[in-house]
1. Name the strands (runs of 3 or more DSSP E) wholly inside the range 246-336 in which the number of residues that are of a type in the set (A, V, I, L, M, F, W, C) is 3 or more.
2. If residue 202 satisfies every condition in (1) buried (at least 19 other Cβ atoms within 10 Å of the Cβ); (2) under 11 Å from the mean Cα position of the chain (by Cα); (3) of a type outside the set (D, E, K, R); (4) at pLDDT 95 or above but one, which is the exception?
3. Which of the residues spanning the range 230-281 are β-branched (Val, Ile, Thr) and within 23 Å of residue 321 (Cα to Cα)?
4. If the requirement is being under 20 Å from the mean Cα position of the chain (by Cα) and crowded, with 18+ Cβ neighbours inside 10 Å, which of these qualifies: 92, 110?
5. Quickly run through the range 298-326 and pick out the residues that are at pLDDT below 90, under 40 Å from the mean Cα position of the chain (by Cα) and of a type outside the set (A, V, I, L, M, F, W, C).
6. Filter the range 108-160 down to residues that are touching a residue at least 40 places away in the same chain (Cβ under 8 Å) and on the phi > 0 side of the Ramachandran plot, then give me how many there are.
7. Going through the range 114-141 one residue at a time, which ones are assigned to a helix (DSSP H, G or I), farther than 21 Å from residue 77 by Cβ and out of contact with any Cys (no Cβ under 9 Å at 6 or more places or on another chain)?
Amino acid sequence: MSLLSSNAKISIDPLKCLRTEYLYNECSICIEACPADALALSHAKRIALDSTVCIDCNACIGSCPTSTFSNSEFDPISFILKSGLDKDLVLSCKNLGQCLSIFGCENLISLGLREKSVTLDMSHCSSCEVINCGGKVEAQIRATMSEANRFLAPIGISEIESRETKPEISRRDAIFSFATEAQALGDDSSEFDKLFDPKETLPKSRLVLQNSLKYSIENFTTQVIEGKFSFLSNKKIDFNSCTNCGDCLQFCPTNALFFGAEKTKILFQPTRCIACGICDDICKPKSISSFDNFDMVSLAFGRAEVLIENHFVACKECRVDFPQKHGEVICNRCIDFAQNNTKLFTLARDM
């Protein structure tokens, strides 16, 4: 196993993987999506790619929430930015030279928001014996399209459609179509690198989605949608159990959770959440929970909201400030110490 494939087009940036970000993360989306069993965990519990069996299906690229994987010949983000606006776009593996599984849900939503219509040409899937063996990759493409439509439909945007039969076109039209798609794609994505801050922790797919929401927001039929999505989550924090320890903020890979200036408030930016679940897992008192309600304006413009605001007082025992919940004068640490070490305060004559 190697981190970088020498023969295949697919490569891995291990620093972007959630398993690198958080030791105890158990994300295995890419492994489950791979139809060739080319991905597995190394001895260090990191994602590794076996280039000798990789079939370049791109399923790992389309499924990864942090853009850990990339294809040396095709960049979905560059394609979206080069495709223009308000067109009737047809995505075909024959024209693009890549399996449509390379487009993740956020990619398809961005295209749906930008274009007049988007159609996925699925007519070649059934005859694809190398990549779609067993129908696993086709199932992923359809599931991704379905999730994208669950996001687009409530806000009144035309749903992404699929083409199931091969169109009747002349050889001349086919060549023209291929040339048009190739021109839109181009072969150099470096020109778009300057559009993204190299220090930004948010995946490019989310940044493009955010801008796509801004572009179309005036046409939305509703501001709030409900539903569970694999790439997005909304958070709330229970006031009574939160200790303000900051672990959830420290390990959030995209800085969706952050302290206010005085560190008495914990704020959340829904746009930056990628639904990785690290904050839920790392919170010892389990104060963090998710709910499936999303405000399009907040997502489009990156609004942050206060999840919790604590009032700090000095503990009468240890004199250290702690978040006071209901008028307590002693912090939980001192209370726990007193309860667990009662015998230390017993006098010898009372024993």
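1. So the answer is 257-259, 265-268, 305-309, 311-314.
2. With respect to (1) buried (at least 19 other Cβ atoms within 10 Å of the Cβ); (2) under 11 Å from the mean Cα position of the chain (by Cα); (3) of a type outside the set (D, E, K, R); (4) at pLDDT 95 or above, residue 202 is out only on (4).
3. 237, 243, 264, 266
4. Working: 92 fails: under 20 Å from the mean Cα position of the chain (by Cα).
Just one listed residue meets the conditions, 110.
5. 310, 311, 321, 323, 324, 325, 326
6. The qualifying residues number 2.
7. Hits for the range 114-141 are 133, 134, 139.
The values are calculated or read from the model by the stated rules, or taken from the named source; none is laboratory data. Everything numeric here is computed off the predicted structure, so don't read it as measured data. Cβ sites come from the backbone with ideal geometry, for glycine too, and all protein chains shown count toward neighbours.
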